[in-house]
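Student: Have a look at the structure that comes next, please.
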Amino acid sequence: AEATLLWFCNWSTLGVCAALKLPQISVVLGARSSRGISLPSLLLELAGFLVFLRYQCYYEYPLLTYLEYPILIAQDLILLLCVFHFNGDVRRAAPYIIVCVSAWFLLTLQQWILDLAMNLCTFISAASKFAQLQYLWKSRDSGAASALTWSLASYTCAARIMTTLMTTNDLTILTRFVIMLALNIWVTATILHYRKTDIKSE
């Protein structure tokens, strides 16, 4: 039963993550606007994903426990290009992409650098959620933010809590997923709240 649950959690997470950012990308392209999306939130999320993937690869954790991260990073990069495109200049994304590529190699120069980065990763990822929340609170408008994307992210965090408990039992990773689950639910609820407010005002 435990093996079946682990299999389901791993593969359902991969399936969800394969399409996680697609609703958000679709909304942005359809609206031809990045209104409602916080650029600092997106950049911090990308940094968190990058550190997390590098950590898992370095310590040779089971591939199925982190296979979704290359997919998420690729989707975040596409979303980043969309945001810069609709903000007026897609070329402004280049320095950020160069930093991401450089960080991939720099993180493993020393083991302590990677361990420190992983300990900071939870704070980086949490900061990305708070940046999105702050953007929503300030604008009081969910704009092109996709509640479906954030609710799917909540599911993947819950599934990864289960897989971490059943495989590596790494406390640092477990703590990260618990915090991310709570914050993803909070962002989802905030988007839905402002969407209802927009509908009422109309």
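The values are calculated or read from the model by the stated rules, or taken from the named source; none is laboratory data. Everything quoted here is computed from the prediction, not taken from an experiment. All Cβ positions, even for glycine, are placed from backbone atoms using ideal geometry, and neighbour counts span all protein chains on display. Quick note on the areas: whole protein, heavy atoms, side chains included, nothing else; ligands and nucleic acids left out. Shrake-Rupley method; radii C 1.70, N 1.55, O 1.52, S 1.80 Å.
Student: So, for the chain, what is the accessible surface per residue at a probe of 1.4 Å, expressed in square angstrom?
Tutor: In whole numbers, the chain has 50 Å² accessible per residue.
Student: Let me ask another. Using +1 at the Cβ of each Lys and Arg and -1 at the Cβ of each Asp and Glu in the stretch 109-202, identify which of Thr163, Ala145, Leu183 lies farthest towards the dipole's positive end.
Tutor: Among Thr163, Ala145, Leu183, the one farthest towards the positive end of the dipole of the stretch 109-202 is Ala145.
Student: Roughly speaking, to the nearest percent, how much of the stretch 1-201's 1.4 Å accessible area is carbon and sulfur?
Tutor: 69 percent
Student: How big is the dipole moment of the stretch 107-183 about its Cα centre under a simple scheme where the beta carbon of each Lys and Arg is +1, that of each Asp and Glu is -1, and everything else is neutral? Debye, nearest 20, please.
Tutor: For this selection, approximately 220 debye.
Student: What label, among [x] 24.1; [y] 21.1; [z] 17.5, belongs to Kirkwood radius over Cα pairs in Å computed from the structure on display?
Tutor: Matching the structure shown: [z].
Student: Could you give the angle, 0 to 90 degrees to the nearest 10, between helix 94-106's Cα long axis and the longest principal axis of the Cα atoms of the chain?
Tutor: Approximately 10 degrees, to the nearest ten.
Student: Also, I was wondering about something else. Mind checking the stretch 102-202 for trypsin sites (Lys or Arg not before Pro) that DSSP puts in a loop (not H, G, I, E or B) and that have at most 15 other Cβ atoms within 10 Å?
Tutor: Passing sites in the stretch 102-202 are Arg140.
Student: Note the full-extension length gain between Ile97 and Val16 as 0.36 nm times their separation in residues minus their Cα-Cα distance, in nm to one decimal.
Tutor: Value of the extension gain: 26.7 nm.
Student: Picking from Glu68, Glu45, Glu60, which is most flexible by a Gaussian network model of the chain using Cα springs under 10 Å?
Tutor: Highest fluctuation of the listed residues: Glu60.
Student: Any chance you could check the Cα centroid distance between the stretch 126-202 and the stretch 1-77 for me, in angstrom?
Tutor: When both Cα centres are located, 13 Å separates them.
Student: On to the next question. Let me check against my output: what whole-number percent is the relative contact order of the chain, with C-alpha pairs under 8 Å and at least 6 apart?
Tutor: Result for the chain is 33 percent.
Student: Could you pull the accessible area for Trp186 with a 1.4 Å probe, rounded to 10 Å²?
Tutor: 110 Å²
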